[in-house]
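Sharing a structure with you now.
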Amino acid sequence: MTSGEWDSAPDQDASGEGVSGDDALTDALSDDDVLVVDEVVAPEVTPSPDAVLPVWEPTGNADVDGALDSLHALADTDVTQHVGVFEEVESALRATLNGLVAEDEASG
C-alpha cells in the first residue's frame, strides 16, 4: 500500500487472524492504565476587586465609546440579537475610522 491509500484489509495478528482496533486497544490497556474519577473538586475563587479590570476604558471618542457600550450591553441581551449588535458596532467603528482617516488626509 502506498501513502495516502486506504487499506481495506483488517490488521492481522501473528496468527494471521484479523484484529479489530477495539480488541487491540483492550489488549494494550490494563486496569493500572485507567484513572477513574469519582468527584471533581474545584476551589471557589473570588477574585480580588483590585484584580478585576474594567471591561473597557473610555477612549475619549464618543462614537467609539458608544460602540463599546453596545458590546458591553450584550451580557443582558438575548443571544439571537448578538449578530445584529456586532454588525451595528462594526459599522459604527468602520465609519469612525473612515472619518478619522479622511480628517488625517485633509490635514496632511
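Each reported figure results from applying straightforward, stated rules to the coordinates on display, with no laboratory input. From a predicted model like this one, the values you see are computed outputs, not experimental measurements. Here Cβ is always computed from backbone atoms with ideal geometry, including for glycine, and neighbour counts include all displayed protein chains.
Please work out which residue is farthest from the chain's Cα centre (by Cα), limiting yourself to the range 35-80 and to residues that are in a helix (DSSP H, G or I) and small (G, A, S).
Taking the range 35-80 as the starting set, the residues that turn out to be in a helix (DSSP H, G or I) are 62-76, 79-80.
The next check asks that each one be small (G, A, S); those that pass are 62, 66-67, 70, 73, 75.
Working: A62: 30, G66: 26, A67: 23, S70: 21, A73: 21, A75: 17 Å.
Only one residue fits best here, namely A62.
Taking the options A67, A75, name whichever one is among the small types (G, A, S) and surrounded by 13 or more Cβ atoms within 10 Å (Cβ to Cβ).
On the way: A75 fails: surrounded by 13 or more Cβ atoms within 10 Å (Cβ to Cβ).
Exactly one residue qualifies, and that residue is A67.
Report every pair of residues separated by at least 6 positions or lying on different chains whose Cβ atoms are under 9 Å apart, first residue within the range 43-64 and closer than 29 Å to G99 by Cβ, second hydroxyl-bearing (S, T, Y) and surrounded by 10 or more Cβ atoms within 10 Å (Cβ to Cβ).
If the second residue must be hydroxyl-bearing (S, T, Y) and surrounded by 10 or more Cβ atoms within 10 Å (Cβ to Cβ), the pairs left are N61/T96; D63/T96; V64/T96.
Among the residues in the range 81-101, are any β-branched (V, I, T), part of a helix (DSSP H, G or I), farther than 21 Å from V55 by Cβ and under 20 Å from the mean Cα position of the chain (by Cα)? Break it down stepwise before answering.
Of the range 81-101, the ones β-branched (V, I, T) are 83, 85, 89, 96, 101.
Among the residues that remain, those that are also part of a helix (DSSP H, G or I) are: 83, 85, 89, 96, 101.
Right, trim to farther than 21 Å from V55 by Cβ and you get 101.
Subsequent filtering for residues that are under 20 Å from the mean Cα position of the chain (by Cα) retains none.
So far as the range 81-101 goes, no, none of its residues is β-branched (V, I, T), part of a helix (DSSP H, G or I), farther than 21 Å from V55 by Cβ and under 20 Å from the mean Cα position of the chain (by Cα).
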